[in-house]
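Participant: I'd like to ask some things about the structure below.
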Amino acid sequence: MQKFENMDVIAALEAIMRQNTAYYQSDFAFDIKMLREAARSDQPEDKLLLWLSRPSGTFCFRERDVLLKDTQAYNTWKFCGEQTHDRILAYAVELTGAANGTVQGNLYELDYQQHFQHIRDAALPVGANRLIYESGMREIGPKEHFDSRPDKYFGEFVRHEMQTRDPELLQAAIRQEQRSREPARPSDFKEHLAALHVGLIEAEAQRIATDIKRLAAPNSPDKNHFMVEVSPYFTKLASSRDTDQLLAMLPYKSLHLSSVKDRFGIYALIDKNENRDKGICKLRASVRKQLSETKQAASPKKAAARSKQHEMEVWRMNFSVEEENLICMYHTSDRRRTMARMLTALPDMDTEMRRLANGTIAKLERMTDADFDGQRFDFTGE
């Protein structure tokens with residue numbers, strides 16, 4: 001478990017949300033309201049919360065409410081794990097105060113799949129429903145109907161709060177949850193955000209590869225390709241660079257992305273003869289750095305004898321302006337996928353463009369991956 005201390009809680013949770021919540025980001029406005037009210041509260045229970053981000057929206061609950069069975073908080077928290085396959089990012093939030101208009105506190109990353117199952121086992125039965133008004137409160141049975149009309153004795157309705165049969169047990173459960181977070185290691189929040197972003201791409205690559213493997217027969221309109229829709233959540237969140245990284249992680253030589261006639265969305269397509277049993281390629285921190293280190297390890301003396309500029313001059317392939325512009329049009333994360341994109345587009349090119357593309361592909365085939373990675377391609381306008 002990672003923890004992030006002395007955070008601007010609202011800013012931090014919003015940054016996390018933007019790595020995972022593609023639709024209904026407006027839900028976070030309700031979370032902000034709850035967090036600000038909790039920061040102003042003098043009740044310790046109000047300052048311990050559980051928050052999650054899902055592809056369509058966010059939720060924020062007091063931890064004590066999630067620990068009570070059959071409450072809205074409890075049912076919602078476990079619903080996302082029991083009834084969906086969504087990528088869920090979940091955190092425990094401990095508010096410590098407010099400063100300069102910000103809500104301060106500590107965040108604890110949760111393994112959501114483990115946590116919702118733990119909650120299912122640890123939650124306590126409800127004994128009563130407490131109706132809280134502006135001038136007092138009263139309790140009714142947990143399943144007894146109520147509404148938000150004013151009470152003739154206590155005034156306007158404020159909220160309701162489920163109560164356990166044994167308050168001491170609830171306090172003990174809350175303390176146990178806090179103790180379970182004590183071993184969490186302090187971590188760098190910026191690195192955490194970067195890891196979440198990589199996780200978004202890896203999760204989508206794994207989903208596509210799994211779904212392609214499950215297909216019994218080619219399912220494209222022409223029956224020549226296997227195809228799987230790229231998640232609309234991913235396309236909503238991803239930049240063009242993220243899409244390139246997604247393509248780099250998928251292990252198919254014939255892979256390309258395309259719209260499909262009479263269907264919504266973007267699809268990943270591979271040739272029907274492609275091997276579909278390969279696993280995804282893990283995204284490395286720096287492919288360029290790795291290739292450079294591999295090259296130097298293979299020939300250390302030669303590498304040491306050349307300056308970076310001289311190395312670029314020795315290994316640079318000569319491309320015409322037209323060829324370089326074409327490479328820029330189809331450029332993706334590596335040489336192989338750049339060629340694959342060009343090959344896929346060949347049937348739609350006219351004769352002159354096809355001749356240019358074939359010549360460019362031939363040159364790319366003579367390059368190594370390291371040479372391609374080290375060469376700069378610039379688009380030149382007329």
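Here, each number is a calculation from the coordinates, and none is a lab measurement. Note that the structure is predicted; figures quoted are calculated from it, not measured. Methodologically, a virtual Cβ is constructed for each residue, glycine included, from the backbone with ideal geometry; neighbour enumeration extends over all protein chains shown.
Participant: Using Cα pairs under 8 angstrom and six or more residues apart, how large is the relative contact order of segment 188-283, in percent?
Facilitator: Numbers: 119 pairs, mean separation 31.2, N = 96.
Once divided by the residue count of segment 188-283, the mean separation gives 33 percent.
Participant: Among the aspartates and glutamates, which have Cα under 15 Å from the Cα of K223 when same-chain residues fewer than 8 positions away are ignored?
Facilitator: Straight-distance partners of K223: D271, E274.
Participant: Express the C-alpha Rg of the chain as a ratio against the empirical globular expectation 2.2 N^0.38 Å, rounded to two decimals. Walk me through the numbers before you get to the answer.
Facilitator: Working: Rg = 27.8 Å, N = 382, 2.2 N^0.38 = 21.1 Å.
Its radius of gyration relative to the 2.2 N^0.38 Å reference: 1.32.
Participant: In addition: Stokes-Einstein diffusion coefficient for segment 188-283 at 4 °C in a medium of 1.567 mPa s, Rh from the Kirkwood formula over Cα pairs: what value in µm²/s? If you can, show how the numbers build up before the last one.
Facilitator: Values: Rh = 13.9 Å.
The calculation lands on 93 µm²/s.
Participant: Another question, if that's okay. Under the Karplus relation 6.51 cos²θ - 1.76 cosθ + 1.60, θ = phi - 60°, what is the ordered set of whole-Hz ³J(HN,Hα) values for segment 67-81, x standing for Gly and Pro?
Facilitator: Here the 3J(HN,Hα) series is 7, 10, 4, 6, 7, 4, 4, 4, 5, 5, 4, 8, 4, 4, x Hz.
Participant: Find how many whole Å separate the alpha carbon centroid of segment 154-210 from the alpha carbon centroid of segment 333-350.
Facilitator: 45
Participant: State, as an integer percentage, the relative contact order of segment 1-92 based on alpha-carbon contacts under 8 Å between residues 6 or more apart. Don't jump to the answer; show the numbers that get you there.
Facilitator: Working: 107 pairs, mean separation 25.0, N = 92.
In percent, rounded to a whole number, it is 27.
Participant: Right, another one. Quick check on my link table: of K3/K190; K3/K236; K213/K272; K213/K278; K78/K282, which ones sit more than 19 Å apart, alpha carbon to alpha carbon? The partial results should precede the final answer.
Facilitator: Working: K3/K190 12 Å; K3/K236 29 Å; K213/K272 11 Å; K213/K278 9 Å; K78/K282 30 Å.
K3/K236; K78/K282, as the Cα separations exceed 19 Å there.
Participant: Quick one: which residues, 5+ away or cross-chain, put their amide H under 5 Å from the amide H of V126? H built at 1.01 Å from N.
Facilitator: Placed amide hydrogens put K69 under 5 Å from V126.
Participant: Which of the chymotrypsin sites (Phe, Trp or Tyr not before Pro) across segment 111-173 are loop residues per DSSP, with 14 or fewer other Cβ within 10 Å? Intermediate results must be reported in sequence, preceding the final value.
Facilitator: Numbers: sites: Y112, F116, Y133, F146, Y153, F154, F157; in loops: F146, Y153, F154.
Hits after loop and neighbour filter: F146, Y153.
Participant: Oh, and also: Determine the relative contact order of segment 132-218: mean sequence separation of Cα pairs under 8 Å and six or more apart, normalised by residue count, in whole percent. If you can, show how the numbers build up before the last one.
Facilitator: Values: 34 pairs, mean separation 18.2, N = 87.
Over segment 132-218, the number comes to 21 percent.
Participant: Separate question: With θ set to phi - 60°, apply the Karplus curve 6.51 cos²θ - 1.76 cosθ + 1.60 along segment 369-376 and write out the HN-Hα couplings as whole Hz, x wherever there is a Gly or Pro.
Facilitator: 4, 5, 4, 4, 5, x, 9, 9
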